[in-house]
1. Need the failing condition index for THR116 against (1) hydroxyl-bearing (Ser, Thr, Tyr); (2) part of a helix (DSSP H, G or I); (3) over 27 Å from ALA174 (Cβ atoms), just the number.
2. Name the residue that is modelled with the lowest pLDDT, counting only residues in the range 55-83 that are open to solvent by less than 60 Å² (accessible area, probe 1.4 Å) and touching a strand residue (DSSP E or B) at 6+ places or on another chain (Cβ under 8 Å).
3. Name the one entry in ARG188, ARG165 that is of a type in the set (Lys, Arg), out of contact with any Leu (no Cβ under 8 Å at 6 or more places or on another chain), open to solvent by 70 Å² or more (accessible area, probe 1.4 Å) and within 15 Å of HIS114 (Cα to Cα).
4. What pairs can you find where one residue is in the range 174-195 and part of a helix (DSSP H, G or I), the other is of a type in the set (S, T, N, Q) and at pLDDT 95 or above, and their Cβ atoms are less than 6 Å apart, with a gap of 6+ or different chains?
5. Here is a check on your reading of the model: is GLY134 closer than 21 Å to PRO38 by Cα, assigned to a loop (DSSP other than H, G, I, E, B) and not aliphatic (A, V, I, L, M)?
6. Test each condition in (1) open to solvent by 20 Å² or more (accessible area, probe 1.4 Å); (2) within 18 Å of ARG138 (Cα to Cα) for ASP178 and report the one that comes out false.
7. Answer yes or no as to whether ALA101 is touching a Leu at 6+ places or on another chain (Cβ under 8 Å) and surrounded by fewer than 17 Cβ atoms within 10 Å (Cβ to Cβ).
8. Can you name every residue in the range 18-54 that is open to solvent by less than 30 Å² (accessible area, probe 1.4 Å), touching a residue at least 40 places away in the same chain (Cβ under 8 Å) and of a type in the set (Gly, Ala, Ser)?
Amino acid sequence: MARRDGTHAAPTPHDLAAALAPAEAVRIRALDLPKPLPHGTLTPDQAQQVRQAVRLIAQLAPAWVPLLSALPLVYLPMPTGRGISASSFAWPQHILLAAEAFDSQAVLAEQVLHETFHQWLYLCEELAALQHSGCTHRITLPSGTSGRSPAELLGAAHVTCGLARLWPLLDVPAPVRDQRLAHLAAYRHGCLALIDTVRPCLTEHGHALADKILEVPA
């Protein structure tokens with residue numbers, strides 16, 4: 001913040017808290033990465049369901065309560081045909097949810113946690129980059145999504161580790177749980193197989209995250 005306002009004074013706690021207001025976070029990011037934020041709001045019922053999903057995750061995994069409560073997040077409707085949920089480095093602290101994300105309590109809990117993990121990693125990247133500046137290496141994720149950076153690969157693997165912890169706790173039929181966990185395991189395996197290919201692009205912090213991901217039991 002000091003660099004932005006032309007002063008050299010260290011930001012105060014009030015300054016730092018103000019910078020975490022979602023609208024202010026987007027404004028600051030747009031100074032370097034201008035990208036219009038989608039318009040619209042969730043319906044009151046959808047907003048209530050999101051709050052319930054956050055409470056459910058907190059009840060199932062108390063260790064994640066700080067993750068769920070400390071970072072202010074705004075939820076917006078996903079433009080039609082763009083997937084079930086999304087986050088973007090260009091839109092800090094904003095999460096997009098499609099109508100399909102509200103199909104069930106378990107699905108919504110997954111999407112909320114998925115995107116919350118992304119939001120925290122984006123914030124960490126503000127403090128310590130995961131890949132070297134100017135990196136142009138691009139890969140295709142196990143989902144088939146192409147053109148992703150090494151940092152995005154780490155983000156995908158990071159999310160998968162979290163979801164694999166969530167699904168055993170959800171109150172869903174065993175076949176549904178087993179199928180989802182099998183899919184997550186396969187996706188994680190695919191991500192891990194790609195990590196060595198991006199090692200030359202990673203910073204010290206990127207290597208540290210990659211190593212932590214590799215340590216997570218299958």
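The values are calculated or read from the model by the stated rules, or taken from the named source; none is laboratory data. None of the values given here were measured: they were computed from a predicted structure. Backbone-built Cβ (ideal geometry, glycine too); neighbour counts: all protein chains shown. Ligands, DNA and RNA are excluded from the accessible area calculation, which covers all protein heavy atoms including side chains. Shrake-Rupley method; radii C 1.70, N 1.55, O 1.52, S 1.80 Å.
1. Condition not satisfied by THR116: (3).
2. Top of the filtered list is PRO79.
3. Just one listed residue meets the conditions, ARG165.
4. Filtered contacts from the range 174-195: LEU184/THR160; TYR187/THR160; ARG188/THR160.
5. When the stated conditions are applied, GLY134 does not pass them.
6. If we test ASP178 against (1) open to solvent by 20 Å² or more (accessible area, probe 1.4 Å); (2) within 18 Å of ARG138 (Cα to Cα), just (2) comes out false.
7. Answer is no for this residue.
8. ALA25, ALA53
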